[in-house]
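Here's the structure we're looking at; comments come further down.
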Amino acid sequence: MRTTPRLLACIFALVAAKASCATLLEQGIDALRANDAAGAKSALLGALNQNPQDERVYLYLGVADMQLGDYSGALDVFKQGLTISQRYTSVFCFDIGNIYFMQGQNTLAEGMYSEAIRKDPNFADAYLNRANARMRLNSYDGAAADYTTYLGLAPSSPQRDNIEKILALLTQAKEQARQEQLATEKKKQEAEAQQKSLLNEVMQSLQNASSKTTNLQAGNASIQDSKPKLGLDD
């Protein structure tokens, strides 16, 4: 079969388009590595234009927006990527959680980290960041559990020492809270016992007073009954 010039032109055009898309993505990644967020965004927008179904473009484009300080734009990009994601769903959830965390929306951040973990139970960094979000939410038991899981998944983490210090402090605080609760409960029981004792004393005093009153009335009746009746003649 003979290849016509027109067919060759179409083939070359198709190959060039695919190469251009790959090149734009690679250019964007290289620019991110060089801390050129603006250049990365320009290249990645071109790559997105050529292949809007490539999940990786959304991931890197969102990172570029974050480096530029455009968290709202990054959030939109990550959410768009999440709607088409098949391979990097957990990463999109994780990145969305990071933006919420930076914005101080800790409950939303915790939810997105949990979703990332649901998609990938071995996602170590998702446990770490969810632990940090739970610390902000004063959910200390959950935070301790996540820190522990993180260390199990990433035993050589450079943050291990700091995390172990946090875990020790959380354990100490939990024990102190338990002791304080026991002391409070003991004081409550002692107060209730004292109140009950005082009530018993009052009740006993009332019973004694009632008994004395009854005896006195009985004695008066007896005196009145034994009193001689005087007749008119007397």
### Task
Please verify whether segment 42-63 includes one or more residues that are within 28 Å of Arg134 (Cβ to Cβ) and of a type in the set (D, E, K, R).
no
### Task
Could you tell me whether segment 55-70 includes any residue that is crowded, with 18+ Cβ neighbours inside 10 Å, in contact (Cβ under 8 Å) with a residue 24 or more places away in the chain and assigned to a loop (DSSP other than H, G, I, E, B)?
no
### Query
Of all residues in segment 92-114, how many are touching a residue at least 24 places away in the same chain (Cβ under 8 Å), assigned to a helix (DSSP H, G or I) and not aromatic (Phe, Trp, Tyr)?
10
### Task
All but one of (1) β-branched (Val, Ile, Thr); (2) more than 14 Å from Leu61 (Cβ to Cβ); (3) within 20 Å of the chain's Cα centre (by Cα) hold for Ile99, so report the exception by its number.
(2)
### Only one of Ala38, Ala9 that is among the small types (Gly, Ala, Ser), farther than 22 Å from Tyr113 by Cβ and modelled with pLDDT under 95
Ala9
### Task
Only one of these is surrounded by 10 or more Cβ atoms within 10 Å (Cβ to Cβ) and either modelled with pLDDT of 95 or more or under 30 Å from Arg134 (Cβ atoms) (or both): Gln172, Gln194. Name it.
Gln172
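Name the residue that is nearest to Leu44 (Cα to Cα), counting only residues in segment 75-132 that are among the small types (Gly, Ala, Ser) and buried (at least 23 other Cβ atoms within 10 Å of the Cβ). Break it down into steps so the answer makes sense when it comes.
Step one: of segment 75-132, the residues among the small types (Gly, Ala, Ser) are 81, 85, 90, 97, 104, 109, 111, 114, 116, 124, 126, 131.
From what is left, the residues that are buried (at least 23 other Cβ atoms within 10 Å of the Cβ) are 81, 97, 109, 116, 126, 131.
Values: Gly81: 13, Gly97: 22, Ala109: 26, Ala116: 24, Ala126: 26, Ala131: 32 Å.
Among those residues, the one meeting the criterion is Gly81.
The values are calculated or read from the model by the stated rules, or taken from the named source; none is laboratory data. Quantities reported herein were computed from a predicted structural model and do not represent experimental measurements. Methodologically, a virtual Cβ is constructed for each residue, glycine included, from the backbone with ideal geometry; neighbour enumeration extends over all protein chains shown.
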